[in-house]
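S.K.: Once you've had a glance at the structure underneath, I'll fire off some questions.
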Amino acid sequence: MPLVKTADIVVPGRGVAAFNVITVEHAEAVVAGAEEAGAPVICQISENAVRFHHGRLAPIAAATAAVAEASSVPVALHLDHVTDLDLLRQAADHGFGSVMYDGARHDYARNVAHTAEAASWAHSHGLWLEAELGEVGGKDGAHAPGVRTDPDEAVSFVAATGVDALAVAVGSSHAMTDRTAALDHALIRRLRDAVPVPLVLHGSSGVPDDELRQAVREGMVKINIGTALNIAFTGAVRDALPGQVDPRKYLAPARTAMAEVVSHLLKVVAG
Ligand code: G3H
Ligand code: ZN
């Protein structure tokens, strides 16, 4: 089916998972896992993944869109963790329904100014804009504590920027390879009650299943997952690699292992 808009599947009151796509096998696994779970899904490509592809968005975006368009379940395309406004503007050309402008490392005033500009551009191009307030740690690959999101500041931030969704720091951290994150559930509930747009949980690979289920029940909507796929991918490659020279011999099990993780986590997020 044709790509759907992110806004059509990120709806308060239920969870939807967004999986990071690095290679075409990731995209194939996300779609296969979503079809198995019978759930809508978001394929997201991060600025870091674009850097990996020599700074070019078009090839991986086109491949991901083509895989998504062959899906029997709704799939939206999202451009993730963008700090470069030139890259942000490319989202209009490749089938994306949404983009995240990540100004979390700026001070509050600068984050507001850049995010408001990004939101205004996104809306004039029919795109949904996600931003971040507080800072989910670990973006450089190391598990590190972030800065929790303050609910009052979040309300002012959304009003001042016009964003459509807000990534909040509530105890998860990017790139965790064990599932030991402890979420601040009281803070999630306070944010849900105060903030008028869908809330996004980043760094969800490190969050145990029960904590994820609870977070969705409490009001988290978009659940971002990346590292969990890479753990599955790399583990399957390690197991399949000895004696092989044909990449298909180890990429096929890697893709299957990722699809199993996608299907499982979609069911967790669905409650
Ligand atoms: O934006 C992407 C996510 O926050 C992924 O984080 O790799 O720790 O699951 P993760
Ligand atoms: Zn993230």
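Nothing in this text is a laboratory measurement; each read-out follows from the coordinates by a stated rule. Everything quoted here is computed from the prediction, not taken from an experiment. Neighbour counts run over all protein chains shown; Cβ positions are idealised from the backbone, glycine included.
S.K.: Only Lys, Arg, Asp and Glu count, each charged at its Cβ (+1, +1, -1, -1), so figure out the dipole size of the chain about its Cα centre, rounded to 20 debye. Numbers along the way, then the final one.
M.R.: Values: 21 positive and 32 negative charges, 63 e Å.
Dipole size: approximately 300 debye.
S.K.: Measure nothing fancy, just the Cα-based angle from helix 227-240's long axis to the longest principal axis of the chain, in degrees from 0 to 90, nearest 10.
M.R.: 10
S.K.: May I pose another question? Ignoring everything except DSSP H segments at least 4 long, calculate the 222 nm mean residue ellipticity for the chain; use -39,500 (n - 2.57) per segment, divide by total residues, nearest 500.
M.R.: Taking each H run of at least 4 residues, the total per residue is -14500 deg cm²/dmol.
S.K.: Here's something else I'd like to know. Explain nothing, just the number: dipole magnitude of region 109-234 about its Cα centre with +1 on each Lys and Arg Cβ and -1 on each Asp and Glu Cβ, in debye rounded to the nearest 20.
M.R.: On the way: 10 positive and 16 negative charges, 30 e Å.
For this selection, approximately 140 debye.
S.K.: Can you list, bin by bin at 10 Å, the percent of alpha carbon pairs in the chain, starting at 0?
M.R.: Over the chain, the share of Cα pairs per 10 Å bin runs 7, 32, 39, 18, 3, 0 percent.
S.K.: Still on this model: Looking at the square roots a ≥ b ≥ c of the eigenvalues of the Cα gyration tensor of region 86-182, which shape do they give, rounded for a/c under 1.5, prolate if a/b is larger than b/c, or oblate?
M.R.: Numbers: a/c = 2.25, a/b = 1.43, b/c = 1.57.
Here region 86-182 falls in the oblate category.
S.K.: Can you tell me the relative contact order of the chain? Whole percent, Cα pairs under 8 Å, sequence separation 6 or more.
M.R.: 21
S.K.: Using only the alpha-carbon atoms, how far is helix 185-194 inclined from the longest principal axis of the chain? Give it as 0 to 90 degrees, nearest 10.
M.R.: For 185-194 against the chain, the angle is about 60 degrees.
S.K.: Explain nothing, just the number: relative contact order of region 135-271, from Cα pairs under 8 Å at least 6 residues apart, as a whole percent.
M.R.: Across region 135-271, relative contact order equals 20 percent.
S.K.: For helix 24-37, what angle does its Cα long axis make with the longest principal axis of the chain, in degrees from 0 to 90 and rounded to 10?
M.R.: With both axes taken from Cα atoms, the answer is about 80 degrees.
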